[in-house]
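Inspection log for the structure reproduced underneath, given as structure tokens.
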Amino acid sequence: MNEKHLIRISKRLARHLRHDPAALGLTLGPDGWVNVETLLGALRTHGLAITREQLDEVVETNNKRRFAFDETGIRIRASQGHSVAVDLGLPNTTPPPVLYHGTVPKFLDAIFHEGLRPMNRHAVHLSATTDTARTVAARRGKPVILRVGAAAMADAGHAFQVSANGVWLTAAVPPGYLTRLP
Ligand code: HQG
């Protein structure tokens, strides 16, 4: 498949597996999984006919590994980024000492006032590297990178999880743990 088609399918999957399964007449399981055959059937009914092999290619080649099959390959889910209610069942995990969050200048006042909040998603998304944080931020404008004192947060009892595709998740980051990088 060409790159453009792969991206188109990935965007469609992200929309339905994270935010709007109902638009395909689907309901996600409580843990976010949906049966692959059911998904392919629903996509076909809604104008996107793809084969299981094409779906496999999207999952394998996706630049952020946004989607994952269960161990049997029968079900698929988004690894993070949901706005619909799901419990991914990720274990609490000790974070590295420092994590990063990429944002844009217009949000800084609010962020330093009330901290990082999940906004429409289930959790605040944090990155292990400044490069990833910069890429996340660049979706919205001029990147500003915030350093998150993750070890200090963990010491204070904040829980962290890491998604199957390596995104660090936490419920919220109070402003005291944030430093703007130059
Ligand atoms: C900002 C993409 C005002 C926050 C990316 C961000 C990531 C606040 C925006 C993943 C705020 C939320 C997540 C506060 C946070 N006041 N603004 N108190 N707290 N914000 O998209 O982290 O390509 O929900 O800085 O690559 O940007 O979709 O989160 O700018 O991995 O797979 O509110 O989404 O992945 O935006 O991105 P988002 P995010 P995918």
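The values are calculated or read from the model by the stated rules, or taken from the named source; none is laboratory data. Just so you know, these numbers come straight off a predicted model, no measurement behind them. When we count neighbours, we look across all protein chains shown, and the Cβ atoms used for this are built from the backbone with ideal geometry, even at glycine. Ligands, DNA and RNA are excluded from the accessible area calculation, which covers all protein heavy atoms including side chains. Shrake-Rupley method; radii C 1.70, N 1.55, O 1.52, S 1.80 Å.
A compact table of results
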item: Selection count, the stretch 53-66, where residues are part of a loop (DSSP other than H, G, I, E, B) and surrounded by 13 or more Cβ atoms within 10 Å (Cβ to Cβ); result: 4
item: P118 more than 30 Å from P21 (Cβ to Cβ) and surrounded by 14 or more Cβ atoms within 10 Å (Cβ to Cβ); result: no
item: V84 vs. criteria touching a residue at least 12 places away in the same chain (Cβ under 8 Å) and either under 27 Å from K4 (Cβ atoms) or touching a Gly at 6+ places or on another chain (Cβ under 8 Å) (or both); result: no
item: Answer residue from the stretch 67-114, given it is over 27 Å from P174 (Cα atoms) and assigned to a loop (DSSP other than H, G, I, E, B) and is most open to solvent (accessible area, probe 1.4 Å) among those; result: E71
item: Boolean, R139 is touching a residue at least 12 places away in the same chain (Cβ under 8 Å) and either more than 14 Å from A172 (Cβ to Cβ) or within 7 Å of the ligand (Cβ to nearest atom) (or both); result: no
item: H46 being more than 15 Å from the ligand (Cβ to nearest atom) and surrounded by fewer than 19 Cβ atoms within 10 Å (Cβ to Cβ); result: yes
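Every residue, every condition in (1) among the basic types (K, R); (2) out of contact with any Asp or Glu (no Cβ under 6 Å at 6 or more places or on another chain); (3) farther than 28 Å from L39 by Cα, yes or no:
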{"site": "I76", "(1), (2), (3)": "no, yes, no"}
{"site": "S83", "(1), (2), (3)": "no, yes, no"}
{"site": "R117", "(1), (2), (3)": "yes, yes, yes"}
{"site": "A128", "(1), (2), (3)": "no, yes, yes"}
{"site": "K142", "(1), (2), (3)": "yes, yes, yes"}
{"site": "I145", "(1), (2), (3)": "no, yes, yes"}
{"site": "G157", "(1), (2), (3)": "no, yes, yes"}
{"site": "V167", "(1), (2), (3)": "no, yes, no"}
{"site": "V173", "(1), (2), (3)": "no, yes, yes"}
